[in-house]
Amino acid sequence: MNATTEQNITEIAIQTLAELGLSHYFLVELKMSASKQFFILYDADGSGVKINELAKLNRVIREKIDATNLFPNGDYSLEVSSYGIDKPLLQYRQYVKNVGRNVEVKLKTNEMKEGLLESITQDSITLKEQISKKEMKTSTYLFDDIQQTHLIIKI
């Protein structure tokens, strides 16, 4: 498989959102393997993705892929799923939807920061970090300096 195949499926995945009226959904990642397995991972603004909408997306995307004749023998597999709260934030929209939540940020220097995602701009995030039991500080980190950001999930 090549970049053109990946680009075609990415376009199908994005166009299908618009056609189904799912403008609050967005494609986070498309993974593909050499054995023609495709994993399309979506996220959504607000309350998140719904299983019935993922099932519809899977069905419509499969129909569109079949119609393109990219795989004349139907020899591919497709999985459409939600991105998952345990995975790192990859896109700006994911940061926006998680303002007000606690995150762990790994900087490119391997330094770890933890705090409340207070705000976001096109270039940076602002964290409210706890320094001691009584002391808080607000720090801004450029996206260019961030290696990964994860939500802190408390049970």
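The values are calculated or read from the model by the stated rules, or taken from the named source; none is laboratory data. Note that the structure is a prediction, hence the values are computed from the model and not measured. A quick note on method: Cβ atoms are made from the backbone with ideal geometry, for glycine too, and the neighbour counts reach across all protein chains shown. Each accessible area value is taken on the protein alone, full model and side chains, heavy atoms only, with ligands, DNA and RNA left out. Shrake-Rupley method; radii C 1.70, N 1.55, O 1.52, S 1.80 Å.
Data for the structure
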| read-out | value |
| --- | --- |
| Subset of region 122-143 that is at pLDDT 95 or above and among the β-branched types (Val, Ile, Thr) - its residue that is least open to solvent (accessible area, probe 1.4 Å) | Ile125 |
| Qualifying residues in region 32-51 (those that are surrounded by 14 or more Cβ atoms within 10 Å (Cβ to Cβ) and closer than 14 Å to Tyr76 by Cα) - the one nearest to the chain's Cα centre (by Cα) | Ile40 |
| Condition check for Asp145: among the acidic types (Asp, Glu), closer than 25 Å to Tyr25 by Cα and without any contact (Cβ under 8 Å) to a residue 40 or more places away in the chain | no |
| Residue in region 86-104 that is among the basic types (Lys, Arg) and over 21 Å from His24 (Cβ atoms) present | no |
| Given (1) surrounded by 13 or more Cβ atoms within 10 Å (Cβ to Cβ); (2) at pLDDT below 95; (3) not acidic (Asp, Glu), index of the condition Pro72 fails | (1) |
| Residue in region 69-85 that is among the β-branched types (Val, Ile, Thr), out of contact with any Pro (no Cβ under 9 Å at 6 or more places or on another chain) and under 20 Å from Asp45 (Cβ atoms) present | yes |
| Residue match in region 19-31 (condition: open to solvent by less than 40 Å² (accessible area, probe 1.4 Å), within 20 Å of Pro88 (Cα to Cα) and among the acidic types (Asp, Glu)) | no |
| Strands (runs of 3 or more DSSP E) contained in region 25-140 and holding at least 1 residues touching a residue at least 12 places away in the same chain (Cβ under 8 Å) and within 25 Å of Glu6 (Cβ to Cβ) | 25-32, 37-44, 77-82 |
| Flag if Ile153 is touching a strand residue (DSSP E or B) at 6+ places or on another chain (Cβ under 6 Å) and at pLDDT below 95 | no |
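Rundown of residues vs (1) at pLDDT below 95; (2) out of contact with any His (no Cβ under 6 Å at 6 or more places or on another chain); (3) farther than 26 Å from Thr126 by Cα, yes/no style:
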| residue | (1), (2), (3) |
| --- | --- |
| Asn52 | no, yes, yes |
| Thr68 | yes, yes, yes |
| Leu78 | no, yes, yes |
| Val99 | no, yes, no |
